[in-house]
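The values are calculated or read from the model by the stated rules, or taken from the named source; none is laboratory data. This is a predicted model, so every value here is computed, not measured. Counting neighbours? That spans all protein chains shown, and the Cβs are built from the backbone with ideal geometry, glycine included. Areas reflect the complete protein model, heavy atoms only, side chains present, ligands, DNA and RNA absent. Shrake-Rupley method; radii C 1.70, N 1.55, O 1.52, S 1.80 Å.
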Amino acid sequence: MALFELQNLTKTYGTEGIGTEVLHGITFSIERGEFVSIMGPSGSGKSTLLHILGFLDDYTSGEYRFGGKRPNDYTEDEQAQIRNNEMGFVFQAFNLLPKQSVYDNIQLPLSYSGVPEKFWKEKIERAIEQVGLTHRAEYETYKLSGGERQRVAIARALVNDPNVIFADEPTGNLDSVSGGAVMEVFQELHQNLKHTIVLITHERFTAEYAKRIIRIKDGLIEQDEVLAGDRIRRPSEFHK
């Protein structure tokens, strides 16, 4: 059974009786442990799709199942628990508390998780180590570079050991070198820890860190491509 299953899914936003259809009959599935890029230009519907997959928005028609169950099969509290415990989110804008330390920012999801506090320190330190920021643990995040702040955001997404990581344009605010370093973190998470990763991007080069690219344009899937080979990209390639 696939982790994500979508069948003829549509999304329409309505304003004063006027509907704007953003997604037009989207059908695909994602298996547990896949690294998938959803790629398309601005306004293509890719971020709307991510919000639906992550229980952050509703769809209008069709069917969506996560782990074999529809969103409506869960109560609102259960959906919130899934978002906090089974899913991790990384956004372009980082969404960190700038005057708080790296450690304290990563701790935030644990406050809502139900994980006993005696386990917090171990989980936070492991997440910090996974993104290579142990030496920055006590730094306030406004003192960090853009690439380091995005790695803090990744660690925060990891701290509850989620099954899925959603990344919405995670390199959009970064220079090419920092962006490459961030994508290498995602690559290692997929290869070494077997996380399911769903990456939203408008850049072909960034998309190619994944094993599969779903191209979307004007709310429709143009192409669903499995990349050949097992090539590992490195940050230095962003200069080429």
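Screening Glu138 on (1) at pLDDT 95 or above; (2) surrounded by fewer than 16 Cβ atoms within 10 Å (Cβ to Cβ); (3) assigned to a helix (DSSP H, G or I) shows it passes everything except condition (3). Condition check for Leu110 on (1) within 16 Å of Arg151 (Cβ to Cβ); (2) buried (at least 19 other Cβ atoms within 10 Å of the Cβ); (3) of a type outside the set (Val, Ile, Thr): one failure, at (1). Scanning region 212-223 for residues that are surrounded by 15 or more Cβ atoms within 10 Å (Cβ to Cβ) and either outside any loop (DSSP other than H, G, I, E, B) or in contact with a helix residue (DSSP H, G or I) (Cβ under 8 Å, 6 or more places away or on another chain) (or both) gives Arg212, Ile213, Ile214, Arg215, Ile216, Lys217, Ile221. For region 170-227, the candidate set comprises residues that are touching a residue at least 40 places away in the same chain (Cβ under 8 Å) and aromatic (Phe, Trp, Tyr); within that set, the residue that is farthest from Gly132 (Cα to Cα) is Tyr209. All of Tyr59, Tyr64, Tyr103 fail the test of being assigned to a loop (DSSP other than H, G, I, E, B) and modelled with pLDDT of 95 or more, apart from Tyr59.
Of all residues in region 1-47, those satisfying the criterion of being open to solvent by 70 Å² or more (accessible area, probe 1.4 Å) and either part of a strand (DSSP E or B) or among the aliphatic types (A, V, I, L, M) (or both) are Met1, Gln7, Asn8, Tyr13, Thr15, Ile18, Thr20, Glu21. Restricting Arg65, Arg70 to residues that are open to solvent by 50 Å² or more (accessible area, probe 1.4 Å), without any contact (Cβ under 8 Å) to a residue 60 or more places away in the chain and under 29 Å from Lys211 (Cα atoms) narrows the list to Arg70. Collect the residues in region 73-107 that are under 16 Å from Asp57 (Cα atoms) and open to solvent by 60 Å² or more (accessible area, probe 1.4 Å), keeping them in residue-number order. Those that are under 16 Å from Asp57 (Cα atoms) and open to solvent by 60 Å² or more (accessible area, probe 1.4 Å): Asp73, Thr75, Glu76, Asp77, Glu78, Gln81, Arg83.
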